[in-house]
1. Compare the peptides 388-399, 74-85 by average per-residue count of other Cβ atoms within 10 angstrom and give them in order, highest first.
2. With a Förster radius of 45 Å, plug the Cβ-Cβ distance of L244 and R283 into 1/(1 + (r/R0)^6) and report the FRET value to the nearest 0.05.
3. Please compare each pair in K60/K163; K361/K401; K31/K324 to a cut-off of 25 Å on the Cα-Cα distance and tell me which ones are over it.
4. Where both residues lie in the range 2-197, what percent of DSSP beta bridges are antiparallel, nearest 5?
5. If R₀ is 56 angstrom, what is the calculated FRET efficiency for the pair A34 and E223, using the beta carbon separation as r and rounding to 0.05?
6. Quick one: 3J(HN,Hα) in Hz for the range 184-198, Karplus 6.51/-1.76/1.60 with θ = phi - 60°, rounded, Gly and Pro as x.
7. Quick check for me: using +1 on Lys/Arg Cβ and -1 on Asp/Glu Cβ, what's the dipole size of the chain about its Cα centre, in debye to the nearest 20?
8. Using Cα-Cα distances under 8 Å and only pairs 6 or more residues apart, what relative contact order does the chain have, in percent?
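Bear in mind these aren't lab numbers, they're just calculated from the coordinates by the rules spelled out. It should be emphasised that the depicted structure is a prediction, and the values quoted were computed from it without experimental measurement. Heads up, the Cβs are rebuilt from the backbone with ideal geometry, glycines too, and the neighbour counts pull from every protein chain shown.
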Amino acid sequence: MRVAIIGSGYVGLVSGTCFADFGHDVVCVDKDEAKIEALRSGFIPIFEPGLEVLVNNNIKCGRLSFTTNLHEAVPTADVVLIAVGTPSRRGDGHADLSYVYAAAHEIASMINDFTVVVTKSTVPVGTGDEVERIIRESRPDAEFSVVSNPEFLREGAAIEDFKRPDRIVIGVNDSRGELVMAELYRPLFLNAAPIMNTNRRTAELIKYAANSFLATKITFINEIADLCEQVGADVQEVARGIGLDNRIGGKFLHAGPGYGGSCFPKDTLALVRIAQDYGVSVRIIETVVAVNEGRKRAMARKVITACEGSVRGKRIALLGLTFKPNTDDMRDAPSLAIVAGLQDAGAEIQAYDPEGMEQAKLLLPNIAYADNPYDCVQGADALVIVTEWDAFRALDLDRLKRNMNERAVMVDLRNVYRRDEVCKHGFTYFSIGSPKCFSDQ
């Protein structure tokens, strides 16, 4: 099939590349000329494991190309996917749909034969109706179908998620569009991927509901972690104990500094705004949003408490800045609030992240950056593990201790290490959701 992808950001690039790898003829479109030139030369502007190899292989095979010109992609396409950004609108938290609607206007002028227009971006309920209205008003003669096909890609595992999905949700209001979407995803039938056909508005809501539920699980276990610290329990054991119940499951029950990234913060907030527009109370989601924001700020206070109540004039080393490992994404990362809180309290910050420092420098220009974990902790009073990169899971604790000041404090916000292991190396250790451990030295 001939596929056009409007928007070559994270979702558009991963989706387009994977569709090309299935054998479809894919053209990715973006207005950013520098990005398109970089992609044509094989340079990937985001960090996603395995994506660079897949992009270059499909470029060489002639199945994947990039352009800034919609006329090179849309008129001949069987399917046009809108994968532009829908960030939180400044001031009110609603999803900004201006890029989606602008794409719909442009697509309308270029449709020739029957075309399926797919909203791949995360959009509020009713967006597909508006996209259909825009195209119909502009081109009453056009033959087209508007479909909602939300993405469920995890940053750091996006290719695996696309090729071996838990489910494929297709929101379509006509049989002709349904048949085209079935052909688009036909290569996945061998993997027995469950395809759920539903109406368009239901598909749009599934994405927000799914992300909000996962965000709720994260926020729930974080509050249980706070309770564990007060009563002397271990949140990791609590999480395992409840996660073994197959009605609950163990995923997203890992206590930490709060969720961030490109999806959960904006999608939970957008769902709250959608509900308000329809006069519906969603107090659980409202609370999740508020608790998560508060938790990020509380992590700075946790570090200050670990440093005997003051970090003024002290050097704090942060390992990890991105919101999760295997990505360079800094959007709504907990590290942003942690750094702000520590700097407000008078701390000097130095940090290291395996992939995220170039993005971090745009948001955190007033901290020092190191080349590796050991340089990062040089002369530090406290070490804070913020992101659970694999590179931080087997550090030389003796070397870390030698590079730090005498009272070496480790605040493990991801519970990467075992308490007894860290304490025997002379650290004063604090983790999430368990009693603190003081070094015997």
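1. Numbers: 388-399: 14.9, 74-85: 23.2.
Per-residue mean Cβ counts within 10 Å order the peptides as 74-85, 388-399.
2. Working: r = 29 Å, r/R0 = 0.65.
So the FRET efficiency works out to roughly 0.95.
3. Values: K60/K163 20 Å; K361/K401 27 Å; K31/K324 29 Å.
Violating the 25 Å Cα-Cα cut-off are K361/K401; K31/K324.
4. On the way: 2 of 27 bridges.
Just about 5 percent of them are antiparallel.
5. Values: r = 44 Å, r/R0 = 0.78.
Given R0 = 56 Å and the Cβ-Cβ separation, E is 0.80.
6. Result, ordered by residue: 4, 9, 3, x, 7, 4, 5, 8, 6, 5, x, 9, 10, 9, 8 Hz.
7. Values: 49 positive and 60 negative charges, 171 e Å.
That gives a dipole near 820 debye.
8. Working: 864 pairs, mean separation 50.4, N = 441.
The value is 11 percent.
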